[in-house]
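Since the structure comes first, as structure tokens, the remarks are kept for the end.
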Amino acid sequence: MLPLLIPIFKISRRQSVWARLVETGLASRCDKLRSRKATQELQTVHTESHSLVFGTNQINRAKVEASQVSFVRLACGGVGVDLDTTWNEHHTAATARMAAGCVINLSYKAAKGEIQNGFAVVRPPGRHAEPNAAMGFCFFNSIAIAARLLRQRLPSEIRRVLIVDWDVHHGNGTQQVFYDDPNVLYLSIHRHDDGNFFPGTGGPTECGAGPGLGFIVNIAWSGGLNPPLGDAEYLAAFRTVLPFPECLENY
């Protein structure tokens, strides 16, 4: 059965995903795993100040200098960490830590062979979160934290990690974390429009640096929506560029 990790916080997009899983009958075929909040594990990728600001309560955040983070007033009247990323004093920190903890737990169980695979139905996402910056609805880079922890905790079992990201936006934070790391191959399929599509990173010439050169692969769609991209383009990318297991002998 396919294990699922479901955080306890109710978020509309997560609820929509869950409703579809129930509707198709997939949820009934899955084991549900208990979720938890990430702790100091966040600092395997993020700075201590970032982890305090976005992962704890208001009292602990007061310990961090105000100059290290600036909240802004959104057009709707709410508070955000930037113009598109809202912040809720009562729920955001706990929810972000829960999302990261779910991904960490799921990846660890898969790596240890306790499960064959899994799907973490979590919000907020993580790809845009950088070591010291939250953006694009992301506070903690869950997949980057999980990948780094696997390498640290299971060095003999997990020598290398492949991260495949096919969201419409480039995962700038994930790329930044592993840009010079030859042990993590990051492949992203996203809309780029010559740098004019959020977040503006992920051009085809961004390939890593130093020992990590060649371990960043960006399939950057440009040209807007004329002609529109569809299944054919994504199938071509997955079949010709994505290194399937039999192609990873040299990795």
Exercise for the section: Would you confirm whether any residue within the stretch 223-233 is farther than 23 Å from ARG160 by Cβ, open to solvent by less than 50 Å² (accessible area, probe 1.4 Å) and under 22 Å from the mean Cα position of the chain (by Cα)? Expected result: no
Practice task
Could you please find all residues in the stretch 197-218 being open to solvent by less than 50 Å² (accessible area, probe 1.4 Å) and not in a loop (DSSP other than H, G, I, E, B)?
Solution key: GLY212, ILE216, VAL217, ASN218
Practice task
May I ask you to list the residues in the stretch 171-195 that are surrounded by fewer than 19 Cβ atoms within 10 Å (Cβ to Cβ) and either touching a Lys or Arg at 6+ places or on another chain (Cβ under 6 Å) or in a loop (DSSP other than H, G, I, E, B) (or both)?
Solution key: TYR179, ASP180, PRO182, ASN183
Problem - helices (runs of 4 or more DSSP H) wholly inside the stretch 1-112 containing at least 1 residues that are open to solvent by 50 Å² or more (accessible area, probe 1.4 Å) and modelled with pLDDT of 85 or more - result: 12-24, 48-55, 92-111
Practice task
Determine whether the stretch 153-170 contains at least one residue that is open to solvent by 70 Å² or more (accessible area, probe 1.4 Å), charged (D, E, K, R) and part of a helix (DSSP H, G or I).
Solution key: yes
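The values are calculated or read from the model by the stated rules, or taken from the named source; none is laboratory data. On a predicted model such as this, the values are computed, not experimentally measured, just so you know. Cβ: placed from backbone, ideal geometry, glycine included. Neighbour counts: every protein chain shown. Heavy atoms of the whole protein, side chains included, go into the accessibility calculation; ligands, DNA and RNA do not. Shrake-Rupley method; radii C 1.70, N 1.55, O 1.52, S 1.80 Å.
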